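Data block below; observations after.
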Amino acid sequence: MIRRLRRAQFAKQKVEIFKPAIDTRYSDEEVVSHDHNAIPSTPLDSSASILLLSSDIDVVGIDEAQFFDEGLVSVCNELANRGVRVIIAGLDMDYKGLPFGPMPALCAIADDVTKVHAICVKCGSLAYVSHRTVQNDKRVLLGETQEYEPLCRECYMQAIAEEEKAKNEKTTE
């Protein structure tokens, strides 16, 4: 996403970048990739604010879209209908492998979808899900490599089975 937004800026297009205010992992006001590339952004609490802050804009970037409210779908539709290019990045599934926030609906209305996969840390295949490695049942838990690991489907199913086995052994003690 950062590369695409930088290209738009280089092409002298008017670009605005937004991210959820709750995402302060690398920076309060920048979108930062895992390899530490960064681009300035505006943190927001609500997707409705995007419409207010994106008049006379050619390209809108939205990072970590899964953390925004469901209103993001209509916001993106309205922007696209105005001729604004909308570039979104986000996880399509949560740590349990379930559809995450507005991402499934955004994928459905998108003109183009590029699904990028991490690499499974166990076997090197394409990752299927970001497996949570810490005990916490909250759906939204901001984290990095200490809290999550990318796993392919097979390694994920094996990890879940091992966790269930360990949980059952604890309850029988």
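Please report, in debye to the nearest 20, how large the charge dipole of region 1-123 is about its Cα centre when each Lys and Arg carries +1 at its beta carbon and each Asp and Glu carries -1 there.
Working: 13 positive and 18 negative charges, 111 e Å.
Dipole magnitude for region 1-123 comes out near 540 debye.
Stretched out fully, how many nm does the piece from L52 to F10 gain, at 0.36 nm a residue minus the Cα gap? Mind showing how you got there, number by number?
Working: separation 42, 0.36 × 42 = 15.12 nm, distance 2.43 nm.
Extra length available between L52 and F10 comes to 12.7 nm.
If you line up the long axis of helix 153-171 against the longest principal axis of the chain, both from Cα atoms, how many degrees apart are they, to the nearest 10?
Tilt of helix 153-171: around 50 degrees.
Using 0.36 nm times the number of residues separating E163 and L98, minus their current alpha carbon distance, what extension gain do you get? Display every interim value, and only then the final one.
Numbers: separation 65, 0.36 × 65 = 23.40 nm, distance 1.80 nm.
Length gained between E163 and L98: 21.6 nm.
For Y148, which sequence-distant residues (separation of 5 or more, or a different chain) have an amide H within less than 5 Å of its own amide H, given hydrogens modelled in the peptide plane?
T133
Looking at V59, P20, S46, which one has the Cα that reaches farthest to the positive end of the dipole of region 1-62 (charges on Cβ: Lys, Arg +1; Asp, Glu -1)?
Towards the positive end, the residue furthest out is V59.
Debye sum, Cα scatterers, the chain, no solvent: what log₁₀ I/I(0) at q = 0.11, 0.16 1/Å?
Scattering profile of the chain, log10 relative to I(0): -0.52, -0.99.
For region 50-129, what is the accessible area per residue in Å², given a 1.4 Å probe and the full set of protein chains?
Numbers: 4220 Å² over 80 residues.
On a per-residue basis, 53 Å².
Of all accessible surface on the chain at a 1.4 Å probe, what whole percent is carbon and sulfur? Each step should come with its number before you reach the end.
Details: 5330 of 10670 Å².
Percent of accessible area from carbon and sulfur atoms in the chain: 50.
Considering only protein heavy atoms, with the full assembly of protein chains and a 1.4 angstrom probe, order V32, V60 by accessible area, largest first. Kindly include the intermediate steps, with their values, before the conclusion.
Details: V32 30, V60 0 Å².
I get V32, V60, largest accessible area first.
If the only charges are +1 at each Lys and Arg Cβ and -1 at each Asp and Glu Cβ, what is the size of the charge dipole of region 76-123 around the Cα centre, to the nearest 20 debye?
Rounded to the nearest 20 debye, it is 160 debye.
Given bins 5 angstrom wide, list per bin the percent of all Cα-Cα distances in region 52-141, short to long.
The percentages, shortest bin first, are 3, 12, 22, 21, 17, 11, 8, 5, 2, 0.
Could you state the number of Å between the C-alpha centres of region 1-59 and region 78-156?
Cα centroid to Cα centroid, the span is 18 Å.
What does region 27-78 give for Rg and for Dmax, in Å, if only its C-alpha atoms count?
Values for region 27-78 (Cα only, Rg and Dmax): 11.6, 32 Å.
Under the rule of at least 5 residues apart or a separate chain, name every residue whose amide H is placed under 5 Å from the amide H of V31.
Amide H neighbours of V31, under 5 Å, 5+ apart: I39, S41.
Rounded to the nearest 5, what % of the DSSP beta bridges within the chain are antiparallel ones?
Numbers: 9 of 20 bridges.
Here the share of antiparallel DSSP bridges comes out near 45 percent.
Relative contact order, percent, of the chain when contacts are C-alpha pairs under 8 Å separated by at least 6 residues?
Working: 258 pairs, mean separation 28.3, N = 173.
That works out to 16 percent.
Over the residues of region 1-48, compute the C-alpha Rg and express it relative to 2.2 N^0.38 Å.
On the way: Rg = 11.2 Å, N = 48, 2.2 N^0.38 = 9.6 Å.
Ratio of Cα Rg to 2.2 N^0.38 Å: 1.16.
The values are calculated or read from the model by the stated rules, or taken from the named source; none is laboratory data. Keep in mind that this is a model prediction, so the values were computed, not measured. Here the Cβ is made from the backbone with ideal geometry for all residues, glycine too, and neighbour counts use every protein chain on show. We work out accessible area using only protein heavy atoms, side chains counted, and drop any ligands, DNA or RNA first. Shrake-Rupley method; radii C 1.70, N 1.55, O 1.52, S 1.80 Å.
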